[in-house]
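All remarks here apply to the structure that follows.
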Amino acid sequence: MSDSIQKPPRTLDPFDNPTECHDYNTDYSDIVPQIVLPEYTPPVIPTAEETKKIRKSYNIAGGGLLLHLVATQMLATLAYLIVSLLLGFFDGRRGELPGNYAQLQEQYINDSSIMMAIQLIILTIANPLIALIGCKMAHIKPQTLFRPLKISVGSMLRYIGVGLFLQTVAAMLAMLAEQLCTGIGIEPYEADFSTGTDPLKIAATVFCTCIIAPLTEELLYRGFFMKAMSRVSQRFAIFTSALFFGIVHENLSQFILAFLLGILLGYVTTKYNSLIPAMVIHFTVNAYSMTISLLYEFNETAGNVFSTITMLMILLGGAALFIFTCVIERLPDNTPHQSIRSGRIAVTSWSLILTAVLHITFAVIYCL
């Protein structure tokens, strides 16, 4: 019998699910030690001890994102305070500061490259650091997140096309959702990615959006978080990581994009047991958005022409790629054992619930 059709070890396939990539799974014997015994059959309803250990994995995943929220807020506040003090010191040496100096200073920081530089520093520090801390707590070896790739160029290009298609669909859905919200008197918060013509701000924005964000966000969300959430079910981990990836953006349009794209990114990560394909797709999607944004900044007509032509191409070609992919591939399924051990236990995880509530609360506050 060839290796390709050999049955995977029981510890990597405890619930006999042929739709999962078993190489992606972690050893389940640390949850249920008896799983190594040939005569052991997992009960449909988990024992109290198994439930406790599964919940612990979910709490580690949620706790990592909660720590990330706290860390990014602290870093942002500290960085902003340091910049404000330095600006105040140097401006004060030039003469007396006006009465509305604090307001002028805030506007200057937000409009210049300083704010984007602060965000760049936070992403560069917080995302990898929390991901590494989370991996240590969840007993995930970081090097296992970057397995050698076994993916063809054609498949990679197809996934990129599907990613761009989902991005375009998400933009259309976001526009519709914003109109509905406006119609009932709610003004959704929108993140500002405008760069103006400041070369430093453009460089910082491009580097942050197209390089740092795809690398570090995939390490945090598809690396640590999804891996920790997949102890029972890859399908549940894919959707949960996509959901939290959307929630943490704290605005409606980015939630829609992050959730839809997150499903694709999670799927290719589990399928190929590597973060590299997700990073490439994430980079391409962000680079496309940044290209359109920059074109609009320098020449609105060119931006309109480019976005219209490319969106039509993506909608037509991407739809075909999306349908083709759905026909030849599918997300992992859940067995009854996995279904009972997924959402029902996750909703009892205090860290997952608290993290979601905090991000949703911030999103609502931004709309007020």
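Remarks
- In the stretch 290-318, residue least open to solvent (accessible area, probe 1.4 Å) [restricted to those that are touching a helix residue (DSSP H, G or I) at 6+ places or on another chain (Cβ under 7 Å) and among the hydroxyl-bearing types (Ser, Thr, Tyr)]: 307
- Screening residue 67 on (1) under 17 Å from residue 231 (Cβ atoms); (2) in contact (Cβ under 8 Å) with a residue 40 or more places away in the chain; (3) not polar (S, T, N, Q) shows it passes everything except condition (1).
- Residue 279 under 27 Å from residue 149 (Cβ atoms), of a type in the set (A, V, I, L, M, F, W, C) and either open to solvent by less than 30 Å² (accessible area, probe 1.4 Å) or in contact with a Ser or Thr (Cβ under 6 Å, 6 or more places away or on another chain) (or both): yes
- All positions within the stretch 166-179 that are closer than 22 Å to residue 324 by Cα, open to solvent by less than 30 Å² (accessible area, probe 1.4 Å) and either small (Gly, Ala, Ser) or more than 17 Å from the chain's Cα centre (by Cα) (or both): 168, 170
- Scanning the stretch 248-267 for residues that are assigned to a helix (DSSP H, G or I), touching a Ser or Thr at 6+ places or on another chain (Cβ under 6 Å), under 24 Å from residue 63 (Cβ atoms) and open to solvent by 10 Å² or more (accessible area, probe 1.4 Å) turns up nothing.
- With respect to (1) open to solvent by less than 60 Å² (accessible area, probe 1.4 Å); (2) within 19 Å of residue 229 (Cβ to Cβ), the lone exception for residue 325 is condition (2).
- Residue among 61, 79 that alone is touching a helix residue (DSSP H, G or I) at 6+ places or on another chain (Cβ under 7 Å) and over 27 Å from residue 234 (Cα atoms): 79
- Failed criterion for residue 83 (all others in (1) β-branched (Val, Ile, Thr); (2) within 29 Å of the chain's Cα centre (by Cα); (3) closer than 25 Å to residue 350 by Cα hold): (3)
Okay, residues lined up against (1) within 30 Å of residue 54 (Cα to Cα); (2) assigned to a helix (DSSP H, G or I); (3) more than 20 Å from the chain's Cα centre (by Cα):
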residue: 96; (1), (2), (3): no, no, yes
residue: 104; (1), (2), (3): no, yes, yes
residue: 117; (1), (2), (3): no, yes, yes
residue: 121; (1), (2), (3): no, yes, no
residue: 127; (1), (2), (3): yes, yes, no
residue: 135; (1), (2), (3): yes, yes, no
residue: 140; (1), (2), (3): yes, no, no
residue: 143; (1), (2), (3): yes, yes, no
residue: 149; (1), (2), (3): yes, no, yes
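- Restricting 11, 77, 41 to residues that are free of Cβ contacts under 8 Å to residues at least 40 places away in the same chain, surrounded by fewer than 17 Cβ atoms within 10 Å (Cβ to Cβ), of a type in the set (Ser, Thr, Tyr) and assigned to a helix (DSSP H, G or I) narrows the list to 77.
- Qualifying residues in the stretch 133-165 (those that are hydrophobic (A, V, I, L, M, F, W, C), out of contact with any helix residue (DSSP H, G or I) (no Cβ under 6 Å at 6 or more places or on another chain) and surrounded by fewer than 16 Cβ atoms within 10 Å (Cβ to Cβ)) - the one farthest from residue 267 (Cα to Cα): 153
- Yes/no for residue 240 being assigned to a helix (DSSP H, G or I), at pLDDT 95 or above, under 14 Å from the mean Cα position of the chain (by Cα) and buried (at least 18 other Cβ atoms within 10 Å of the Cβ): yes
- Single unsatisfied condition, residue 85 versus (1) part of a helix (DSSP H, G or I); (2) open to solvent by less than 70 Å² (accessible area, probe 1.4 Å); (3) over 30 Å from residue 134 (Cβ atoms); (4) not polar (S, T, N, Q): (2)
The values are calculated or read from the model by the stated rules, or taken from the named source; none is laboratory data. Since the model is a prediction, treat every value here as computed from it, not as a measurement. As a convention, Cβ positions derive from the backbone with ideal geometry for all residues, glycine included, and neighbour counts pool all protein chains shown. Surface accessibility is based on the protein's heavy atoms, side chains included, excluding ligands, DNA and RNA. Shrake-Rupley method; radii C 1.70, N 1.55, O 1.52, S 1.80 Å.
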